[in-house]
Structure formats: structure tokens, C-alpha cells
Amino acid sequence: MTQRRTVTRNKRPRAKRPGQSPAQRRRKRRSQRRGFMTRVLYWGAVTGLWAFIGLAGLFGYLAIGLPSPTDLWVAERSPAITLLDATGTEIATRGVYYGDYVGVDELPTYLPQAVLSAEDRRFYRHYGIDPAGLLRALIANATEGRIVQGGSTITQQLAKNLFLSPERTIKRKIQEMMLALWLESIFKKDEILTLYLNRVYFGSGAYGVEAASKQYFGKSARYVSVQQAALLAGLLRAPSRYSPKNNIALAQERSELVLRTMVEAGYLTEHQRKIAVSSPVALVGLAGSNNIQYFVDWIVDQVPDYVGQPETDLVIKTTLHAPFQSLAEKSIETALARDSERLNVSQAALVSIDRHGAVRAMVGGRSYTHSQFNRAVQAQRQPGSSFKPFVYLTALEHGYKPWTSVTDAPISIGKWQPANFSNKYKGAVTLEQGLSQSINTVAVRISERVGRTAVINTATRLGISSPLEPIPSLALGAKEVNLFELTAAYVPIANGGTGIFPYGIQEIKTRGGQVLYERHGGGPGRVIEPSHAGTLARMMSQTLTSGTGRAARLEQRDAGGKTGTSQEFRDAWFVGFTADLITGVWVGNDNSAPMNRVTGGGLPALVWHDYMNLAASSYPARPLPDGTSTDGPDLRVATDSRQKEGGFFERLLARITSGLGPDRASAGTN
């Protein structure tokens with residue numbers, strides 16, 4: 001049996017490592033940590049360098065196109081037009097209007113305080129960007145579920161409003177912050193606040209606190225009250241929405257909120273706030289009237305004809321009389337609020353002109369906000385019987401007298417048979433009765449006798465510029481005219497026969513005071529013989545005393561006028577005058593829908609009475625022309641005498657041609 005031997009391998013003995021002291025182990029760990037930190041710092045520096053290069057490149061890219069902060073002091077804009085009324089009170093501004101610069105130290109302390117309390121309470125404690133304010137705005141907006149606070153500082157708003165587009169993008173926001181920091185590094189805080197107050201938009205075309213103060217209060221921002229300062233500060237959040245010209249109640253509400261923020265910020269005491277609230281802001285002139293814009297549009301459209309395309313700010317003194325304008329607007333507003341629904345009337349217009357042709361009031365519609373179409377100067381409508389004075393004046397010029405007898409009976413001209421408004425006939429009536437009672441058959445008979453062409457020449461001579469045609473229904477106002485020209489054509493009747501060129505601009509000058517245009521009178525001279533003007537005026541006064549316009553009769557003042565109503569009650573007019581003021585009123589619907597039997601002696605006469613009863617009282621009570629006036633040279637057209645000499649042939653031609661076919665226009669009524 002073989003015996004197994006166990007072979008034991010000899011193992012190499014392990015080298016004995018020298019012993020390490022605790023100090024050595026600590027040094028080793030420190031060395032390892034230093035190596036790690038060195039690597040972290042190295043790669044951190046590399047990363048930071050590349051990040052810096054990347055950010056520098058990004059900021060450089062975004063900075064392209066940013067303007068120099070020094071450009072803040074220069075405004076690039078189109079010229080503005082400031083309109084004044086006849087007394088020199090500012091009534092409107094068109095275009096971009098910047099006021100004179102005023103420093104923060106020139107303003108009452110509560111004005112910049114009102115702005116700071118509402119827009120940026122930490123303005124003097126941040127460097128253009130306010131993280132605390134931004135966080136506070138985010139929390140407030142999240143709590144309310146809507147935007148109730150803005151996080152932008154005044155410096156950011158200055159950059160955004162004046163240098164950057166309104167788009168909401170990350171790029172624009174970064175540019176805004178960059179420019180804000182830039183501004184803070186270049187300007188002092190008071191300089192930034194001065195720039196802000198003098199360049200931001202305050203609504204109604206006004207840029208800068210000085211322009212806004214003059215626009216709304218008629219005085220420099222240096223002299224505003226606490227309540228006025230709060231109103232101005234309140235505009236900055238939403239200038240158009242809070243503009244007192246658009247909504248005075250909303251502007252007042254916003255100003256009261258600003259007053260509360262001033263108390264919270266420590267700028268006012270509660271007692272001072274209550275005193276300010278107890279004194280509501282009163283706006284200057286017609287600042288609270290939006291319908292004044294009809295007149296403003298009419299004026300601004302004429303400016304290029306007087307001075308070309310302006311290259312500087314203009315100041316235009318107009319002929320508008322602010323109390324008359326307010327009265328005109330109120331008269332129309334009251335009448336339509338009372339009768340619009342009942343009578344199916346949606347629109348009205350009014351023009352008031354003095355005896356020399358100056359436009360004193362103009363209302364182009366019920367609401368400029370809803371419709372900018374000026375019905376006083378742009379709407380062409382059938383005047384109905386308000387055209388008849390031109391027929392009767394032509395008759396007087398052909399030898400007729402107020403007592404001349406004319407037959408009121410059925411009449412046929414070709415296939416056209418005009419009827420009276422009442423569908424009744426009176427037989428023989430005087431010329432004066434035919435006019436005051438607006439008898440259609442009488443007006444047509446006279447027109448046919450004197451000649452339609454003669455009637456057209458008379459109307460044109462007095463100021464009707466719309467095209468007229470010698471159709472049989474011409475005498476009944478079948479051809480369209482506008483309220484402005486019709487009212488202006490009545491002026492020579494009221495002033496004794498002197499023709500006028502109606503105007504609304506008295507003077508145009510630059511903001512620096514250079515006069516570019518100044519009106520020194522002018523007109524076509526005498527267009528009616530004084531005797532004829534006086535006779536016609538007296539005949540037309542019967543319209544108010546015993547005729548169709550009795551609702552317009554004035555207390556203790558001579559007046560004349562004429563009613564007018566077109567077919568199917570689509571248009572109703574009353575145009576009348578005293579010795580000094582001539583006013584026309586139209587009511588109707590833009591779509592020419594028939595009204596509910598509204599005649600010129602109804603609603604228009606009532607509006608005319610309400611306006612003229614007060615407006616005319618601004619002038620001394622004077623009688624209407626008596627036929628002895630000698631105003632101006634006789635510049636009547638040379639064809640007048642030929643018209644009289646050729647009257648027989650004209651009448652013969654009219655009768656021959658009247659049978660050639662039916663009338664192309666509908667006849668007027670009362």
C-alpha cells in the first residue's frame with residue numbers, strides 16, 4: 001500500500017509595511033482633498049470662462065441696436081397740433097405732443113411721490129432692477145389670479161416705453177434689464193425720474209407731465225393740486241383707459257386709489273387724503289367732451305390747405321365757443337335720450353355759425369366714440385322744405401311781394417304730381433303764407449314760374465356747393481345737401497345779405513409763436529339785396545309764430561327759420577336764425593330708415609329751441625334785418641339781371657321740358 005505524502009509549499013513571507021503615524025494619515029487625506037479641490041477649481045474656471053464668453057456674446061448680440069441713453073433727452077416724433085377755442089383755451093391735441101421739460105425739483109413734492117407710490121416705491125433703493133418688487137408682484141398676482149401689480153421699475157419702464165418694442169419676449173425683457181442697469185450707471189436717480197416724468201405717455205396725445213397737466217387742467221404741472229397729481233400718476237398704468245377725456249369717473253376712481261397708496265407709502269396722512277378726495281378734479285374747457293372730436297377732425301383736415309405739411313408743432317386758434325359747444329351736445333343728448341326709442345331716431349347733428357361765418361359749435365353725431373362719421377359736414381341728405389327759402393328769395397328777386405297771391409291747388413308737371421303734407425288745398429294764399437305753412441304746391445308753382453335754373457343760381461350764390469339739377473322736385477328739396485352748407489347758406493338771410501365763407505380757423509402759428517396764417521375777414525360780398533334779405537327774414541319769422549316751426553319760437557327774441565322733412569320721414573331739419581347766430585339741426589338714421597312721423601317742426605325744432613334759447617342770449621337782443629343794411633359791396637353775380645330778363649323764356653322752357661319724363665328724385669314734404 002502506497003503511502004500518500006503531503007507536500008507542503010512554502011509561502012513567500014508578506015513584506016511588512018512600515019507603520020504610519022496618525023499625523024501621516026491626516027496629511028495624506030488632506031493631500032487627496034487638495035487634489036480634488038484643485039480639479040474642481042480648474043474645471044470650474046474653465047466652465048466659468050466659457051460661460052462668461054457665451055454670456056458676453058449673448059449680451060453683445062442683444063445689445064445690438066440699443067440706442068445711446070443720451071438720446072433720451074431728444075424726442076423723435078411727428079409734429080403735434082394743439083387746438084384752442086375762440087378764447088384761447090386748449091380743447092384738443094392731435095399727434096404726439098411733448099410739453100416743456102420740468103425737473104423733479106420744480107414740481108410739488110407730492111407729484112413725484114404720487115408716481116413713486118403707484119409705480120415704484122423702492123425707486124431710490126434699487127439699481128434699476130428690483131428683485132424684491134418683482135417677487136412681491138408675482139405673489140400678489142398669484143394670489144389674485146390676475147395681474148394686479150407690475151414688477152418693472154421706473155427705470156425699466158423708461159427703457160421699455162421709449163426704446164423698445166411692446167412685444168413680450170425674453171429677448172426684449174433682457175434688453176430692458178440691460179438698458180435699465182445702463183441708465184442707472186450713467187444717470188442719477190433724480191435725472192432718471194425727470195426723464196421718466198417728461199417722456200412717458202399720459203393719454204390723449206400728451207407725452208410728459210407738463211403736456212398732460214396743460215391738456216387736462218389748463219396749467220403747468222408746477223401748480224397741480226394733490227388730487228390732480230394723483231390723477232396724473234394714475235394714468236401711467238393704462239393711459240388710454242384711465243384718460244379723463246374717455247372716462248372721467250374711471251379716472252377719478254383710479255386717482256383715489258393712488259391717494260391710498262400715498263398714505264401707505266407715508267407720503268400723505270389719512271386726513272390729507274380725505275381733504276384731497278373731497279375736492280374732485282375739474283377738467284379744463286371741453287376736456288371731458290368726446291364729441292368735440294367731430295369739430296377737431298374737421299379742422300385738422302384743413303390744415304394742409306393753409307400751411308402745407310407742418311414740420312413743427314402747431315397751435316391753432318379756432319372759432320369754437322366752448323359754452324356753445326357744450327350746450328349743443330347737451331341739447332342733442334337730452335333730446336335723443338328722451339325720444340330716440342319712441343320716435344325711431346338714432347342720430348342727430350347740429351351746426352351753429354355767427355353772422356360773419358365763424359363756426360361756433362359743431363356736433364357731428366350722437367357719439368364720436370361709436371362713430372367718427374361727421375353727419376354735419378359729410379352726410380348728404382334731402383333737405384325737404386328747408387330748401388324752399390331759395391325758391392322764395394328767387395321769387396322776391398323776380399318782383400314777387402310777401403302779399404302776392406299764389407294758388408294752392410293740385411299741379412302736374414309731366415307725370416309728377418306733388419301733394420301737400422296735409423293732402424289739403426287752400427286755394428289762393430299769399431307768398432308769406434305759402435312759406436310759413438310750407439305749402440308744397442305753392443313752392444313748386446313759384447319755382448316753375450321763375451325758372452329752376454334761377455333757383456339753382458340763387459342757392460349756389462348763397463353757398464350751396466352740392467350739385468343741383470333743374471328737376472321739378474328741386475323746389476321741395478329733392479337734391480341732397482349737407483347740414484353745414486345749408487346752414488351757411490342761411491347766413492346772408494340773417495345778416496342782411498352779405499355772403500360769407502364759413503370758417504373754423506382764426507390763426508395758425510408754431511409753438512414758438514411764429515404766425516403762419518391769420519384770418520383777416522373775407523367773403524363774396526353782397527349776395528342779396530338788403531331789401532330782399534329783410535323781406536325774406538321777416539317772412540321766415542312767421543314760420544316760428546304761426547307756421548310749421550312754432551316749437552322753435554324763442555322768448556323775447558326775433559328769430560326766423562324753416563322746417564324740412566324728406567319723403568317717408570327719413571330726414572327732419574330745422575334751420576333758423578337770430579340777427580347774430582344761425583343754427584341748423586338734422587335728425588334721422590344712418591341707414592335712411594323712416595322715423596316715426598318725425599317732421600322738421602318736431603324734434604329738430606325742439607333741439608334748435610333748447611340750444612338757441614340760451615346760446616342766442618349771449619348776444620344783445622336785436623331785430624332781424626329790415627332791408628336797410630348796407631354791409632359790404634354789391635358783388636352779386638352778373639347773371640342775376642339776365643335771369644330776370646330771361647324769366648319768360650326760362651319758364652317756357654321749363655314747361656316744355658317738364659313733360660319729357662317722370663321726375664328722377666322723390667319730392668320733399670313739410
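Derivation of every value follows stated rules applied to the coordinates shown; laboratory data play no part. No experiment lies behind these values; they were computed from the predicted model shown. Positions of Cβ are generated from backbone atoms using ideal geometry, with glycine treated the same way; all protein chains shown enter the neighbour counts.
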- How large is ³J(HN,Hα), in whole Hz, for each residue of the range 184-201 in order, when computed from phi with the Karplus curve 6.51 cos²θ - 1.76 cosθ + 1.60 and θ = phi - 60°, using x for Gly and Pro? 5, 7, 9, 10, 6, 4, 5, 5, 5, 5, 5, 4, 4, 5, 9, 10, 7, 8
- Spin-label point model (7 Å from Cα, Cβ direction): what's the Thr404 to Lys509 distance in nm? 5.2 nm
- Message: I need Met37, Met539 ordered by Cβ neighbour count within 10 Å, fewest first.
- Response: Met37, Met539
- Message: Under 5 Å between amide hydrogens, which residues at least 5 positions from Gly601 or on another chain qualify, with H placed 1.01 Å from N in the peptide plane?
- Response: Gly564
- Pop out the ³J(HN,Hα) list for the range 348-364 in order, Karplus 6.51 cos²θ - 1.76 cosθ + 1.60 with θ = phi - 60°, rounded to Hz; leave Gly and Pro as x. 7, 8, 8, 10, 10, 10, 7, 5, 9, x, 6, 6, 9, 7, 8, 10, x
- Message: Placing +1 on the Cβ of each Lys and Arg and -1 on the Cβ of each Asp and Glu in the range 319-447, which of Ser412, Ser331, Ile439 has its Cα farthest towards the positive end of the resulting dipole?
- Response: Ser412
- Task: List His356, His370 from most exposed to least, where exposure is judged by having the fewest other Cβ atoms within 10 Å.
- Result: His370, His356
- Message: Taking 0.36 nm per residue of sequence separation and subtracting the Cα-Cα distance, how much length would be gained by fully extending the chain between Trp43 and Ala238, in nm to one decimal?
- Response: 65.2 nm
- Query: If Lys and Arg each add +1 and Asp and Glu each add -1, what is the summed charge of the other residues whose beta carbon sits under 15 Å from the beta carbon of Pro304?
  - Reply: -3
- Item | Distance histogram for the range 456-557 (every C-alpha pair counted, 10 angstrom bins, percent rounded to whole numbers) | 13, 31, 34, 14, 7, 1
- Using 1/(1 + (r/R0)^6) with R0 = 25 angstrom and r between the beta carbons of Arg597 and Thr545, what's the FRET efficiency to the nearest 0.05? 0.60
- Note on the structure: Exposure-ranked with fewest Cβ neighbours within 10 Å first, Met595, Met362 stand as Met595, Met362
- Message: At 0.36 nm per residue, and after removing the present C-alpha to C-alpha distance, how many nm does the segment from Ser466 to Ile275 gain when stretched out fully?
- Response: 63.0 nm
- Note on the structure: Listed by chain and number, the aspartates and glutamates with an alpha carbon less than 12 angstrom from that of Lys330, same-chain partners under 8 positions apart left out, are Asp610
